[in-house]
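> The structure that follows is given in the form of structure tokens.
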Amino acid sequence: MSRVQDERPTDEQQILALHEAGDRALMSADLVVLAQILADDYVQYNEAGKAFTKQDVLESFRSGSIRYPSIVSTGRKIRIFGDTAVVHGSESDEVESNGKRFAVRYAYLDVLRKHDGKWKLVASQLAKPVELP
């Protein structure tokens, strides 16, 4: 008799899938998916320390003031502490902002919370890595 394995994804798999869906949603400006991924009280701090709420992020895509034609994530590490997770990594992006296109690299730290069986992003901190000579 074969043993039936649990087919439900692990928390780590769920978080990885959420980040991958988030990258796709950012590149396609899919506001519905972004709204599902971000908690209502989400806050993001950019590399200059400026805070953006969930509504600020969604509005920047809705208005077309920002686009991400390409996002390449690397070095993503996931650490889970019960119903809280910390994800850190880096990414190389192509960004279009106010009609200008440029490349940018970020290191990031995301905090997620699991509520009613679903992971949501509650906070993010972006930083530009220091280039060493």
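The values are calculated or read from the model by the stated rules, or taken from the named source; none is laboratory data. Quantities reported herein were computed from a predicted structural model and do not represent experimental measurements. Cβ coordinates were reconstructed from backbone atoms using ideal geometry, including for glycine residues, and neighbour counts include every protein chain displayed.
> Here are some conditions: (1) at pLDDT below 95; (2) among the acidic types (Asp, Glu); (3) within 15 Å of residue 123 (Cβ to Cβ). Residue 56 meets all but one. Which one does it not meet?
(1)
> Among the residues in the range 18-36, are any surrounded by fewer than 15 Cβ atoms within 10 Å (Cβ to Cβ), in a helix (DSSP H, G or I), among the basic types (Lys, Arg) and modelled with pLDDT of 95 or more?
Within the range 18-36 (the criterion being surrounded by fewer than 15 Cβ atoms within 10 Å (Cβ to Cβ), in a helix (DSSP H, G or I), among the basic types (Lys, Arg) and modelled with pLDDT of 95 or more), the answer is yes, since at least one residue qualifies.
> Among the residues of the range 37-53 satisfying the criterion of being hydrophobic (A, V, I, L, M, F, W, C) and under 19 Å from residue 107 (Cβ atoms), which is modelled with the lowest pLDDT? Even if it seems obvious, please write down each step before you answer.
Start the filter on the range 37-53 by keeping residues that are hydrophobic (A, V, I, L, M, F, W, C), which leaves 37-39, 43, 48, 51-52.
Those left that are additionally under 19 Å from residue 107 (Cβ atoms): 43, 48, 51-52.
Values: 43: 98, 48: 91, 51: 98, 52: 97.
Ranking the candidates gives 48 first.
> So which residues in the range 92-117 are charged (D, E, K, R) and without any contact (Cβ under 8 Å) to a residue 60 or more places away in the chain? Spell out the reasoning first.
The first filter runs over the range 92-117 and keeps only residues charged (D, E, K, R), leaving 93-94, 96, 100-101, 105, 110, 113-114, 116.
Residues satisfying the conditions are 93, 94, 96, 100, 101, 105, 116.
> So in the range 41-66, with the set limited to residues that are under 19 Å from residue 21 (Cα atoms) and β-branched (Val, Ile, Thr), which one is surrounded by the fewest Cβ atoms within 10 Å (Cβ to Cβ)?
The residue in question is 66.
> Give me a count of the residues in the range 67-103 that are closer than 23 Å to residue 30 by Cα, over 13 Å from the mean Cα position of the chain (by Cα) and surrounded by 15 or more Cβ atoms within 10 Å (Cβ to Cβ).
Here the count works out to 3.
> Tally up the residues in the range 54-70 that are closer than 20 Å to residue 105 by Cα and charged (D, E, K, R), please. Before you say what the answer is, go through the steps one by one.
Pass one, the range 54-70, residues closer than 20 Å to residue 105 by Cα: 57, 60-61, 65-70.
Next, only the ones that are charged (D, E, K, R) stay: 67.
Residues in the range 54-70 being closer than 20 Å to residue 105 by Cα and charged (D, E, K, R): 1 in total.
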